[in-house]
Amino acid sequence: MPDMTGAMPRRRSLRQLWRNREAIMLIEFAYSLPVLMSLAFGSVELANLAITNMRVSQIAMTVADNLSRAKQSVPLGLPQLREVDINDALLGARIQGDGLDLLENGRIIVSSLQQDASSKQKIFWQRCKGMLNKTSDYGNEGATEGTTPGFTGMGAGANKVQAAAASAIIFAEVTYNYVPLVGAWALGDFQIRREAAFYVRDERDLTQVYNPNPAATASACNVYNTTFS
């Protein structure tokens, strides 16, 4: 008969080695688990940030586009833009940003860039909504080329947008303090800012924003709120 005396200790050693391997694998998994969880949560956070960034960009485009189209027909006169039209566009932005708490955590600034009587670029009117303490990067209502230091138009970079004569550009700025899903440890404090500009469609009275009865409360830029009236 074959000698089994040497095989038994070898089997015990193999079983003991396998148990030791299981223990080592468990320890390795325990060490790697925090890293794997951080990667997983970080990936989810980055995906949410990308989606939020896209939504903020779309909101800026929608506000500028809607106000470039908005007008109220007037008998024997040019169509007019009203305060209620501006408020409707800002209210639509709040609804479009449902789930973001856009106005609670951000600021929408919309401006009408036009030429004045001297063919200089000027912000003829500006309206704002939201709780974030943020002003326009390009100037307040009344900012005028040649008078307001550094003001030559609107838009990032050297090539700023400028309005043509007898027309207007609706320029929207949306700034949003990003609210992380899993805590600020993943990305820290992060602010999203997007801009959009559209030329006013068709003819419109560009001399002022009208407020016929029933009047609406203008969304003044020295007020920080989320309500409409």
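The values are calculated or read from the model by the stated rules, or taken from the named source; none is laboratory data. Small disclaimer: the values here were computed from a predicted structure and weren't measured. Cβ sites come from the backbone with ideal geometry, for glycine too, and all protein chains shown count toward neighbours. Keep in mind that these areas ignore ligands, DNA and RNA; they rest on the heavy atoms of the full protein, side chains included. Shrake-Rupley method; radii C 1.70, N 1.55, O 1.52, S 1.80 Å.
General observations
- Arg94 accessible area, 1.4 Å probe, all protein chains in place, Å² to nearest 10: 90
- Remark: the range 67-80, residue by residue, has Karplus-estimated 3J(HN,Hα) of 7, 6, 9, 5, 5, 10, 5, 10, x, 6, x, 6, x, 10 Hz, where x stands for each Gly or Pro and the curve is 6.51 cos²θ - 1.76 cosθ + 1.60 at θ = phi - 60°.
- Accessible area in the full protein assembly, largest first, 1.4 Å probe, for Tyr178, Tyr199, Tyr224: Tyr199, Tyr224, Tyr178
- Exposure of Lys120 as accessible area (Å², to 10), given a probe of 1.4 Å and all protein chains: 90
- Solvent exposure of Ser229, expressed as accessible area, is near 90 Å², computed with a probe of 1.4 Å over the protein chains only.
- Relative contact order %, the range 74-204, counting alpha carbon pairs below 8 Å whose residues are six or more apart: 24
- Each residue of the range 114-128 was assigned a 3J(HN,Hα) from its phi angle through the Karplus curve 6.51 cos²θ - 1.76 cosθ + 1.60 (θ = phi - 60°); the sequence is 9, 9, 8, 5, 9, 6, 9, 5, 8, 8, 6, 8, 8, 10, 9 Hz, with glycine and proline shown as x.
- Heavy-atom SASA rank of Asp137, Asp205 (probe 1.4 Å, accessible area, largest first): Asp137, Asp205
- Each label point was placed 7 Å from the Cα along the Cα-to-Cβ direction; for Asn53 and Val74 their separation is 4.3 nm.
- Each of Leu76, Leu206, Leu102 has its accessible area taken with a 1.4 Å probe; listed largest first, they run Leu76, Leu206, Leu102.
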